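Note sheet for the following structure.
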Amino acid sequence: MSFLTSRRSNPPTSHDWLPMISRKTFPWLLLIGLLLFTTSAQASSTSTCTTDEECHASQGELSTCGSDGVCTNPYESGCLYQRLPGWTKKRVCNSEDPEDAAERGICVEPAFDYLEVRSTSGNWESSTFNAWLMQILFSEMLGVPTTIEAAAVGDKKSFYEPHGAFGYGQSDTGVCFENAHKYKDCRLADKSEEGYENCANICPELWSGSALLEPEAIQNRITEPPEALGVLARETL
């Protein structure tokens, strides 16, 4: 399996620092992965409720029953913030948060002006897990606003979704990187029901034969050459 990034107008932002992350932050990625392993089952779908105890049973002891009768996502402000002792920083806000999210204490404004990153998520569990891993790393450790592309209108994939809503979405195609190359900023892509445009800067997991690996995309400088994940996707005799 491979890791792929789109090419932006300034190549160093997409080519230099992403491979550096994979080389230098493996211990942190392992830690986040272990935390995700213990939380993903709790934050995978919405749960209706009438009492906090019902939410404790379905979403974990940190979840409460909201005024809308749906359990809250206990990791809305950050996985490390809730799970790692001594970690006091909340995640940075992104474009999918309410405009007053920082004022309400859900997240904090980014400390520097960096273009929001959008990751693909595929329509299978391991790809979504890797997308969450990237979102946590970027949003909580690097202070870079990060969202997740579900490639389907109405589906939500963010680890920080207030109610833990989770939709499988659709498998990614090369269109997501074509739109990222066109807009540079995926926040500018059309997200309406009538003209939804799939847009993403990073694909954390893809298999050989994917449309994202078309040689023309690399030759036309739409994507960077893929980086190996070091993960065995399939083994046969």
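Assorted remarks:
- Candidate lysines - alpha carbon under 20 Å from K156, same-chain residues fewer than 8 apart omitted: K191
- Amide H within-cut-off set for V70, under 5 Å, with H built and near neighbours excluded: C49
- Among 132-139, 77-84, the order from most to least packed when residues are scored by Cβ within 10 Å on average: 132-139, 77-84
- Relative contact order (%) - the stretch 58-187, alpha-carbon pairs under 8 angstrom, separation at least six: 24 percent
- Highest average packing first - 119-125, 140-146, Cβ atoms within 10 Å: 119-125, 140-146
- Within a straight-line Cα-Cα reach of under 13 Å, K184 can be paired with the following aspartates and glutamates, leaving aside sequence neighbours fewer than 8 residues apart in one chain: E116.
- Spatially proximal aspartates and glutamates relative to K90 (Cα-Cα < 12 Å; intrachain offsets below 8 disregarded): E76, E109, E140
- Taking Lys and Arg as +1 and Asp and Glu as -1, the other residues whose beta-carbon sits under 15 Å from that of K156 total -4.
- Anisotropy class assigned to the stretch 45-103 is oblate, per the alpha carbon gyration tensor with a/c at or over the 1.5 cut-off and a/b no larger than b/c.
We did not get these values from a lab; they are worked out from the coordinates using the rules stated. Source: prediction; values computed, not measured. Cβ coordinates were reconstructed from backbone atoms using ideal geometry, including for glycine residues, and neighbour counts include every protein chain displayed.
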